[in-house]
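Q: Below are the structure tokens for one structure; questions will follow.
The values are calculated or read from the model by the stated rules, or taken from the named source; none is laboratory data. Just so we're clear, the structure is a prediction, and the values are computed from it rather than from any experiment. A quick note on method: Cβ atoms are made from the backbone with ideal geometry, for glycine too, and the neighbour counts reach across all protein chains shown. Heads up: the accessible areas ignore ligands, DNA and RNA and are worked out on the full protein's heavy atoms, side chains in. Shrake-Rupley method; radii C 1.70, N 1.55, O 1.52, S 1.80 Å.
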Amino acid sequence: MIRIMEGIKESSPAEKYFVLDTDNTTYAFRTLPTGQLEHLYYGRKIKIADTTPDVLSEKHAFPPGNTCSYDDEHGEYTLDDMRLEMSANGKSDMRDPLLEIIHADGSTTSDFIFEGAQLLSSKEDGDGLPGAYYTGDAGKDIGLKITLRDNQYGLKLELYYYVFEKCNVIVRKSRLINESTDTVTVGRLLSAQLDLDRSDLVFTTFRGAWGREMQRDDCIVGTGRHIAESYYGVSSNRCNPFIMLHPAQTTEKQGECYAYNLIYSGNHYEAVEANAFGKVRFVGGINPRGFAWKLGPNETFDSPEAVLTYSANGYNAMSRNMHSFVNEHIVRGEWKGKDRPVLLNSWEAAYFDINESKLVKLAKAAKDVGAELFVMDDGWFGERNDDRRSLGDWDVNKKKLPGGLKGIADKINGLGLHFGIWVEPEMVNKDSRLYNEHPDWAMKIPDKPHSEGRWQMLLDLCNPEVTDFIIDKMSEVFSSANIDYVKWDMNRPITDYYSQYLPADRQGEVAHRYYLGLYRCMKTLTERFPNILFEGCASGGNRFDLGILSYFPQIWASDDTDAVSRAYIQTGYSYGYPQSTYTAHVSASPNHQTLRRTPLDTRFNVAVFGNFGYELNLCDLSKEDLAKVKAQIELYKKWRHILQWGDFYRGRSFNDSPAAAGSSPYGISASAGMSADTAGNLCEWTICSKDKRQAVSMLMQKLTVPNSMTHVLYPDGLDEEKIYRFYNRELKVDIREFGDLVNMMAPVHLKNDSMLMDIAAHFVKLDGETENFTASGSTLMYGGAHLHQSYGGTGFNSDVRHFQDFGSRLYFMEAT
């Protein structure tokens with residue numbers, strides 16, 4: 001609900017108050033006597049009475065020392081000591097601004113003051129940018145437009161606020177309109193600004209690199225500016241645009257948490273600044289570094305949309321706000337809310353060394369274990385036998401695929417599987433026909449050395465000829481066969497920002513225009529091929545953001561498929577993104593990225609908490625492992641809908657107590673005492689169905705703690721009053737896991753790693769522990785499920801849990 005209150009105080013009849021309510025939050029601001037907007041409140045829902053909203057406004061009689069006032073008539077305060085909805089350079093606010101403009105006369109001062117407000121019953125889309133969408137009741141006020149004007153320079157600024165009540169989300173964006181006769185240079189136009197009168201906050205960002213995306217990083221907000229940004233030409237694995245602001249005491253279940261994300265895929269900037277007066281400012285949007293947009297008379301520039309949410313009940317409640325918003329108001333098209341297929345991807349099974357017979361053999365193995373989609377990854381086009389050539393030449397290699405895409409697709413479909421392919425349309429290799437024919441289509445500075453990544457260059461998507469080519473060529477590829485799935489990759493950041501299509505004085509627009517071109521391609525192709533399941537990828541998670549999710553309903557989370565790494569990575573994603581948006585595969589052991597060996601069960605248990613599939617050579621697996629994979633897929637299909645669309649809850653995490661990591665071999669403080677449940681050694685996830693009748697939990701440990709055998713699982717999201725059956729999968733333990741300890745019970749001596757040991761293991765399996773009891777939801781959540789003891793070196797039988805390094809379990813709960 002949105003309210004505009006005005007004329008409350010007799011002394012200020014023109015004063016206006018704006019109140020935006022969601023189901024559980026309130027956002028409020030007002031006009032100042034000087035015409036700026038004072039931010040009043042953002043937090044848990046409160047009742048702001050029509051007669052007394054000014055209780056939230058600051059009271060000033062004199063300004064702080066050594067500051068400047070806005071004008072002579074209002075000397076009682078300085079804008080540098082006010083909470084503002086937007087700010088610009090000049091006029092006494094010295095903090096990080098929302099807006100920076102260089103005017104035709106060289107001045108950088110802007111003075112935007114309130115002109116008007118309008119309630120909106122429909123949502124305006126950005127010019128070429130993706131955005132949230134809303135389907136509400138006809139005539140219902142869902143948005144608010146505030147108009148500010150700089151009367152000195154003939155510029156108009158519109159601030160948009162859209163309220164998504166059920167998700168407890170407010171979407172903001174900025175629009176600058178040049179109504180003057182001069183061209184101005186926009187140095188920054190950010191999407192959101194949030195000023196708070198508190199200084200007890202922690203700035204949480206999610207940083208990393210290739211293979212270790214979304215690593216949580218907490219920074220106490222002290223005096224000064226703290227920045228999270230990307231200048232890589234992508235939203236980046238170095239720093240995702242999703243951030244949190246919260247007190248240090250906030251936990252998964254308790255405490256306040258603000259969160260922000262950006263519906264954009266390019267360079268972004270998020271900054272938190274604590275000033276000398278106990279106020280904290282957050283700003284976020286397009287990164288101003290290298291950005292300079294020429295805005296001519298009667299032209300308009302829109303910022304991307306920013307997403308804000310607040311929770312008074314910890315990180316998990318905040319995440320559910322974000323998850324609901326993404327699933328309902330970002331993801332769209334046929335695959336919105338639709339169960340995703342179990343796939344097998346060919347990449348780690350064959351890399352570039354593919355041919356039709358090898359792929360069909362692999363697909364048959366996939367069909368036999370219950371997969372539903374077979375994906376042919378890189379290597380099918382041009383002379384693509386390695387990563388140094390042929391990007392841009394999207395014609396089938398007939399030596400590898402004699403029947404073309406249609407031939408291989410028909411054979412895969414004949415097995416009863418859907419068929420998918422890999423593409424990287426934004427790139428070109430120097431060693432390609434496309435580059436030889438159109439060298440000016442590559443993003444490079446003419447006659448200057450160029451920095452390459454993975455031996456490839458970016459195509460210049462600022463150039464409409466290039467985007468037309470991508471649209472036409474991909475349309476040709478996608479319509480040439482029965483293609484059900486497309487993995488759209490992008491394997492390098494942008495370095496030498498330059499477009500040969502644009503004039504020299506507009507090179508500061510390249511980074512943003514690139515994404516306007518990309519979004520045009522994605523929008524056109526997803527609308528032209530609505531039945532295809534598109535998956536985004538950029539060397540894994542180098543472009544995991546709400547901009548891509550506005551077109552592609554899922555994104556490859558990381559090229560690192562190691563289960564331990566993925567526990568960190570998927571935990572990170574879960575703070576801001578629902579599990580339906582990130583994909584996760586079971587791969588080989590030792591893992592190709594880390595060489596770590598992890599149990600097949602653990603690889604499965606971690607992967608099912610994302611969009612699930614396999615990426616390994618099934619043809620090389622033993623019959624025993626193939627039987628395990630088949631059983632895994634059967635189990636997953638039974639629980640698929642809940643795992644993909646249920647409510648996600650984090651419990652304990654490998655990220656807990658990070659300061660103690662490395663203090664002992666177990667990543668925990670030796671002085672704290674070691675137990676199997678010690679913080680930082682466990683990862684605990686639960687997904688609960690919307691009706692709270694079913695739930696799945698995973699418990700994983702990093703390393704075994706000697707002589708510590710007790711684990712307690714704390715599921716979350718259950719109905720306190722319901723009675724649940726709690727159980728695990730039937731398990732069998734391979735005797736080889738015990739090495740030569742097996743000779744304590746074997747009638748003959750079995751040498752470790754011998755053929756005789758392998759034969760014995762084929763016929764003799766040990767029974768694993770069985771959990772099977774009933775308990776109320778409140779008992780399970782607050783008292784915990786005390787599990788069978790783990791192996792501690794003193795004996796093993798069917799009442800003991802074999803829980804080795806990187807061991808894990810799935811537990812299931814069903815209301816009786």
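Q: Considering each of GLY379, GLY403, GLY420 in turn, give the residue that is more than 30 Å from HIS512 (Cβ to Cβ) and either of a type in the set (S, T, N, Q) or surrounded by fewer than 20 Cβ atoms within 10 Å (Cβ to Cβ) (or both). Full working, then the answer.
A: Numbers: GLY379 fails: either of a type in the set (S, T, N, Q) or surrounded by fewer than 20 Cβ atoms within 10 Å (Cβ to Cβ) (or both); GLY420 fails: either of a type in the set (S, T, N, Q) or surrounded by fewer than 20 Cβ atoms within 10 Å (Cβ to Cβ) (or both).
Within the list GLY379, GLY403, GLY420, the selection yields GLY403.
Q: Restricting the search to segment 611-632, which residues are out of contact with any Leu (no Cβ under 8 Å at 6 or more places or on another chain), surrounded by fewer than 22 Cβ atoms within 10 Å (Cβ to Cβ) and of a type in the set (A, V, I, L, M)?
A: Scanning segment 611-632 gives LEU621, ALA627, ALA631.
Q: Would you mind listing the strands (runs of 3 or more DSSP E) fully within segment 248-332 where at least 1 residues are of a type outside the set (Lys, Arg) and more than 20 Å from HIS226 (Cα to Cα)?
A: 293-295, 300-302, 306-311
Q: Here is a further query. Which condition from (1) open to solvent by 40 Å² or more (accessible area, probe 1.4 Å); (2) under 17 Å from the mean Cα position of the chain (by Cα); (3) among the aromatic types (Phe, Trp, Tyr) is the one that TYR153 breaks?
A: Unmet condition: (2).
Q: Another question about this same structure. Kindly indicate whether LEU533 is within 30 Å of SER697 (Cβ to Cβ), open to solvent by 10 Å² or more (accessible area, probe 1.4 Å) and either at pLDDT below 95 or out of contact with any helix residue (DSSP H, G or I) (no Cβ under 8 Å at 6 or more places or on another chain) (or both).
A: Here the answer is no, as LEU533 does not meet what is asked.
Q: Still on this structure: For the subset of segment 296-329 comprising residues that are open to solvent by 10 Å² or more (accessible area, probe 1.4 Å) and among the aliphatic types (A, V, I, L, M), which member is farthest from LYS156 (Cα to Cα)?
A: Taking the candidates together, the pick is ALA317.
Q: Taking ASN168 as meeting all but one of (1) at positive phi; (2) modelled with pLDDT under 95, write down the number of the exception.
A: ASN168 satisfies all of (1) at positive phi; (2) modelled with pLDDT under 95 except (2).
Q: Tell me whether segment 774-787 contains one or more residues that are modelled with pLDDT of 95 or more, crowded, with 18+ Cβ neighbours inside 10 Å and assigned to a loop (DSSP other than H, G, I, E, B).
A: Among the residues of segment 774-787, at least one is modelled with pLDDT of 95 or more, crowded, with 18+ Cβ neighbours inside 10 Å and assigned to a loop (DSSP other than H, G, I, E, B), which makes the answer yes.
Q: Something else: ASP339 fails exactly one of the following numbered conditions: (1) touching a helix residue (DSSP H, G or I) at 6+ places or on another chain (Cβ under 6 Å); (2) under 19 Å from SER235 (Cβ atoms); (3) part of a loop (DSSP other than H, G, I, E, B); (4) not aromatic (Phe, Trp, Tyr). What is the number of that condition?
A: So the condition that ASP339 fails would be (2).
Q: I would also like to ask the following. Of the residues that make up segment 523-532, is at least one farther than 19 Å from LEU810 by Cβ and aromatic (Phe, Trp, Tyr)?
A: Initial filter on segment 523-532 (farther than 19 Å from LEU810 by Cβ): 523-532.
Next cut, aromatic (Phe, Trp, Tyr) only: 529.
Checking segment 523-532: at least one residue is farther than 19 Å from LEU810 by Cβ and aromatic (Phe, Trp, Tyr).
Q: Could you list all residues from segment 32-85 that are hydroxyl-bearing (Ser, Thr, Tyr) and part of a loop (DSSP other than H, G, I, E, B)?
A: Going through segment 32-85, the residues hydroxyl-bearing (Ser, Thr, Tyr) turn out to be 34, 41-42, 51-52, 57, 67, 69-70, 77-78.
Across segment 32-85, the qualifying residues are THR34, THR51, THR52, SER57, THR67, SER69, TYR70, TYR77, THR78.
Q: Does ASP96 count as in contact (Cβ under 8 Å) with a residue 40 or more places away in the chain and farther than 21 Å from GLU256 by Cβ?
A: Criteria met by ASP96.
Q: Quick test of your reading of the structure: LEU119 fulfils all but one of (1) within 30 Å of TYR515 (Cβ to Cβ); (2) surrounded by fewer than 15 Cβ atoms within 10 Å (Cβ to Cβ); (3) of a type in the set (A, V, I, L, M). Name the failing condition by number.
A: Of everything listed in (1) within 30 Å of TYR515 (Cβ to Cβ); (2) surrounded by fewer than 15 Cβ atoms within 10 Å (Cβ to Cβ); (3) of a type in the set (A, V, I, L, M), LEU119 misses just condition (1).
Q: Tell me, yes or no, whether segment 458-471 has at least one residue that is within 21 Å of ASN355 (Cα to Cα) and either of a type in the set (S, T, N, Q) or over 32 Å from the mean Cα position of the chain (by Cα) (or both).
A: no
Q: Identify the single condition in (1) in contact with an Asp or Glu (Cβ under 7 Å, 6 or more places away or on another chain); (2) without any contact (Cβ under 8 Å) to a residue 12 or more places away in the chain that SER357 does not satisfy, given that it satisfies every other one.
A: (1)
Q: Has segment 4-17 got any residue that is modelled with pLDDT under 90 and under 35 Å from the mean Cα position of the chain (by Cα)? Step through it out loud before you land on a result.
A: In the first step, residues of segment 4-17 are kept if they are modelled with pLDDT under 90; the result is 4-15.
Subsequent filtering for residues that are under 35 Å from the mean Cα position of the chain (by Cα) retains 4.
Yes, segment 4-17 has at least one match.
Q: Same structure, new question: If you scan segment 446-478, which residues turn out to be outside any helix (DSSP H, G or I) and either open to solvent by 80 Å² or more (accessible area, probe 1.4 Å) or touching a helix residue (DSSP H, G or I) at 6+ places or on another chain (Cβ under 7 Å) (or both)?
A: Of all residues in segment 446-478, those outside any helix (DSSP H, G or I) come to 446-463.
Within segment 446-478, ASP447, LYS448, PRO449, TRP455, LEU459, ASP460, LEU461, CYS462, ASN463 meet the criteria.
Q: Would you confirm whether or not segment 352-372 contains a residue that is in a strand (DSSP E or B), in contact with a Gly (Cβ under 9 Å, 6 or more places away or on another chain) and not charged (D, E, K, R)?
A: At the first step, the residues of segment 352-372 found to be in a strand (DSSP E or B) are none.
No, there is no match, as no residue in segment 352-372 is in a strand (DSSP E or B), in contact with a Gly (Cβ under 9 Å, 6 or more places away or on another chain) and not charged (D, E, K, R).
Q: For a quick check of your reading of the model, give me the residue pairs whose first member lies in segment 278-301 and is closer than 18 Å to GLY266 by Cβ, whose second is acidic (Asp, Glu), with beta-carbon atoms closer than 6 Å and at least 6 apart or on different chains.
A: VAL283/ASP96; GLY284/GLU270; ASN287/GLU229; TRP293/GLU509
Q: Considering only segment 67-89, state which residues are surrounded by fewer than 16 Cβ atoms within 10 Å (Cβ to Cβ) and among the small types (Gly, Ala, Ser).
A: Passing the criteria: only GLY75.
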